[in-house]
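Trainee: Handing you a structure now.
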Amino acid sequence: MASDAPYDCLIVGGGPAGLTAAIYLSRFHLDIHVIDEGKSRAGWIPCSHNHAGYPDGINGKELLELMREQAQKYGTKIETGRVQRLDKDEDGLFTAEWGQGPRRARSVLLATGLTNRTGLTNRRPPMDPELHDDAMARGLIRYCPICDGFEVTDKKIGVIGSGQNGVGEASFLRSYTADVTLIAPDSALELAAEDRQKLEGAGVKLVDGPAEAIGVTGSCITVDTADGLLTFDSIYPALGSDTHTQLAQLLGAELAEDGCVLCDDKMRSTIEGFYAAGDVVHGLDQISHAMGEGGQAATTIRNDLAAKNPLLRQPAVLPEASESRREAVEVGDG
């Protein structure tokens, strides 16, 4: 393929959604390219125990590496970088700009997950970044009770959050342990009377902030609050997320109020040829869900491209094909 020929699909993001789509699209014999900044949220996971197929769990970075290896086995080209700009011309082709300069594509899949500028970013509690990462690796800080609530069964848990984020996470975790404390990140807890009654009735302890300092003591994590220094087995920051979907905005794709890309059930955005999957769209923020969306997006992309060009790839005659088979192929091609 000529170096200036457009890709069939450019995938922005190399997390579970993007890499699943890459595997599908490469096996569809399409020419694709993945641009990945290397900051997938899956890479944060010390050991995922609820990802099917790994009874003893799997490290997030290891899972991503296996997915990259599988995609590359079928010809996927993966490049480390950040897409700075994305445009669409009158002919319906997209032009993306990153380190090597502008390249064109017939379609684009936004699967940025947790990357700076174009994805979803969890808000972290106030603490040294290295301490945060070490505490997370040890399970002292956790971000997803759906993923790892089982691991905190009957343990002492703190939730730092307010409003619906804090209420929702504290209520969810209460089904795993009777010892849950909800701590306001700033000042007084902002709770509706109904929510306060619900939490108190469930035995969730309520503590006003600010949560000024977080430290690690042995196998425990501590939070300095208005009630003094509290010690937990694990804490869950429920501080919300920031969406960064500038690439979708540059194209004029419709976004939800929270910044997520609005898509139909086939992962098509409101811009023809532009698709999204994973954490940048509404849905369950789970690896398995992202992979399902990646597979759905890839199949939609293939079918949409085929609708415009029914013969996406000219079949080649295998060297070992018999003469009669060769003649049949030639007749069929004619």
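Each value in this text was obtained by applying a stated rule to the coordinates, not by laboratory testing. Keep in mind it's a predicted model, so treat the numbers as computed, not measured. Cβ coordinates were reconstructed from backbone atoms using ideal geometry, including for glycine residues, and neighbour counts include every protein chain displayed.
Trainee: Defining a contact as two alpha carbons under 8 Å apart and six or more residues distant in sequence, what relative contact order in percent does region 124-238 show?
Mentor: Across region 124-238, relative contact order equals 31 percent.
Trainee: Which ³J(HN,Hα) values, rounded to whole Hz and listed in residue order, are derived for region 193-209 from phi using the Karplus coefficients 6.51, -1.76 and 1.60 in 6.51 cos²θ - 1.76 cosθ + 1.60 with θ = phi - 60°, glycine and proline given as x?
Mentor: After applying 6.51 cos²θ - 1.76 cosθ + 1.60, I find 4, 5, 5, 4, 5, 5, 5, 5, x, 8, x, 6, 7, 10, 10, 6, x Hz.
Trainee: Further question: Specify the longest stretch of the chain that does not include any exposed loop site, a site being one of the GluC sites (Glu not before Pro) with a non-H, G, I, E, B DSSP assignment and at most 16 other Cβ atoms within 10 Å.
Mentor: Result, exposed sites excluded: 91-189.
Trainee: How far, in degrees from 0 to 90, does helix 16-27 lean away from the longest principal axis of the Cα atoms of the chain, to the nearest 10?
Mentor: 10 degrees
Trainee: Starting with the fewest neighbours, write out Tyr236, Tyr143, Tyr74 ranked by other beta-carbon atoms found within 10 Å of each beta-carbon.
Mentor: Tyr74, Tyr143, Tyr236
Trainee: Each label point is 7 Å from the Cα along the Cα-to-Cβ direction; what then is the distance between the points at Asp265 and Lys155, in nm?
Mentor: 3.9 nm
Trainee: Another question, if that's okay. Given R₀ = 35 Å, FRET efficiency for Arg104-Leu284 by Cβ-Cβ distance, to 0.05?
Mentor: Efficiency computed from Cβ-Cβ geometry: 0.55.
Trainee: Moving on to the next point. Could you give me the ³J(HN,Hα) list for region 285-297, computed from phi with Karplus coefficients 6.51, -1.76, 1.60 and θ = phi - 60°, whole Hz, x at Gly and Pro?
Mentor: 7, 10, 4, 4, 5, 4, 5, x, 5, x, x, 5, 4
Trainee: What FRET efficiency would be calculated for the residue pair Glu200, Asp134, taking the C-beta separation as r and a Förster radius of 35 Å, to the nearest 0.05? All intermediate terms of the calculation are to be shown ahead of the outcome.
Mentor: Details: r = 34 Å, r/R0 = 0.98.
After rounding to 0.05, the efficiency reads 0.55.
Trainee: Same structure again: Is there a pair in Lys155/Lys205; Lys39/Lys61; Lys73/Lys308 whose C-alpha atoms are over 18 Å apart, and which pairs would that be?
Mentor: With Cα atoms farther than 18 Å apart: Lys73/Lys308.
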